[in-house]
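Contents: one structure, followed by commentary.
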Amino acid sequence: MFGIDPTILAFIVLAGFSAGAVAYAFLFNRIADERKADRRLETVKRAETDRSVIKASRDRQAEVAKRRKNVQDSLKDLDQREKQREMSVKKPPLRIQLKQAGMSVTVERFYIFSILFGVGLTAAAFVAGAPLIILPGVLLVGGLGLPRWFVSFRRGRRVKAFLNEFPNALDIIVRAVKSGLPLNDGIRLIANESPEPVRGEFRRIVESQQLGMTIPEAAMRMPESMPCPEAGFFGIVIQIQSQAGGNLSEALGNLSRVLRDRKKMKAKVQALSMEAKASAAIIGALPFIVAFLVYLSSPNYIMPLFTTTTGHLILGIAGVWMSIGVFVMRKMMNFEV
């Protein structure tokens, strides 16, 4: 074995380091450029990713804003329509009142019946010996007051019957939708199986669909024939769900629960105000009871009220003041829920 000279070995090592240093010196700029290019490429990729994320976020925000604007526009439009319907519900024409009362009589025939009833009631009062001064009042009450009161009574009774059955109808629609049936079949089921007047109202929706009207448009027209806020709530829920989407069964279930809570609140308010109503009834009946008892005990004492002109004037003034008192008490006892 021959040993290597340390000088030669050191020379070889130095030559190697020198060659490496020369190569590194020549390749340094290229390596630095490649590193810069890699960093720049990474920056560009990261920027593109950030732009994609920002763009997706902006698209989502724009979509949410668009949906929110659509819902706000829909609610604004529905609010305007609801205000118009409220005006028509509070002061509807006689034709609408007859329709809301469930009466098929025409306006002309209603006026004929009212005139005949007024004339008949006036003739009956004349035959009974009523003073001539009150006969025009009897004619006015019989021709205008009592017939319109009858229409209002029928209208209120029909609305009450509708509200008693309407939450059950909504529950049936909710179960039908949850079982996979479309909304049309649920409405047709109510139109065929539910009692009146719910059946008639939903049958109008089915007939409107057959004429080319959509379900939301037909549902929004329900308050025209059923003057109650609950019918308007149903139309608004259907309209919003058709435009904004969502779970229809959940929305109708919530509406049914709200209607039942409103019914409970109305019953509670009616129970709390029953004492005031009883007091008002007693106060309103007290003058008639006292007059009848005085007539039984001393008829000559009270008869001048009915046989003299001064007595008629006193009775008229007393009737006006009593009517004002009854009206004020009625306003104090009626609460809107």
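How big is the charge dipole of the chain about its Cα centre, in debye rounded to the nearest 20, if each Lys and Arg gets +1 on its Cβ and each Asp and Glu gets -1 on its Cβ?
In total the dipole reaches around 500 debye.
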| query | Which of the following values of P(r) over Cα pairs in 20 Å bins from 0, in percent was calculated from the structure shown: (1) 32, 55, 12, 0; (2) 18, 33, 20, 10, 7, 6, 3, 2, 0; (3) 33, 61, 6, 0? | reply | (2)
| request: Taking all protein chains together and a probe of 1.4 Å, list Met222, Met333 from the most accessible to the least accessible. | output: Met333, Met222
| With a ≥ b ≥ c the root eigenvalues of the C-alpha gyration tensor of region 109-206, is it rounded (a/c under 1.5), prolate (a/b larger than b/c) or oblate? | prolate
| Solvent-accessible area per residue for the chain at a 1.4 Å probe radius, Å²? | 70
| query | Percent of accessible area on the chain owned by carbon and sulfur, 1.4 Å probe? | reply | 64
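Which helices pass in the chain if a helix is a full DSSP H run, must span at least 18 angstrom along its long axis by Cα, and must have mean Kyte-Doolittle hydropathy not below -0.5?
On the way: long enough: 6-90 (118 Å, -0.67); 107-127 (30 Å, 1.63); 146-178 (48 Å, -0.01); 198-210 (19 Å, -1.00); 229-244 (22 Å, 0.61); 248-272 (36 Å, -0.42); 274-297 (33 Å, 1.64); 309-333 (36 Å, 1.18).
Membrane-span-like by this rule: 107-127, 146-178, 229-244, 248-272, 274-297, 309-333.
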| task | Please name whichever of Val237, Val206, Ala169 sits farthest to the positive end of the charge dipole of region 146-291, dipole taken about the Cα centre and charges placed at Cβ: Lys and Arg +1, Asp and Glu -1. | result | Ala169
| said: At 1.4 Å probe size, what's the solvent-accessible area of Val138? Round to the nearest 10 Å². | reply: 30
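Would you calculate, for the chain, the mean residue ellipticity at 222 nm contributed by helices, counting each DSSP H stretch of 4 or more residues as -39,500 (n - 2.57) and dividing by all residues, to the nearest 500? Walk me through the numbers before you get to the answer.
Details: 15 runs with 284 residues, N = 337.
Calculated mean residue ellipticity at 222 nm is -29000 deg cm²/dmol.
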| request: Could you rank Asp38, Asp77, Asp171 by how accessible they are, 1.4 Å probe, largest area first? | output: Asp38, Asp77, Asp171
| Just going by the charge dipole of region 251-337, with Lys and Arg at +1 and Asp and Glu at -1 on Cβ, which of Ile314, Ala291, Leu272 is farthest out on the positive end? | Leu272
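The values are calculated or read from the model by the stated rules, or taken from the named source; none is laboratory data. Everything numeric here is computed off the predicted structure, so don't read it as measured data. For neighbour counting, all protein chains shown are included, and Cβ atoms are generated from backbone atoms with ideal geometry for every residue, glycine included. Side chains included, ligands, DNA and RNA excluded: accessible areas come from the protein's heavy atoms. Shrake-Rupley method; radii C 1.70, N 1.55, O 1.52, S 1.80 Å.
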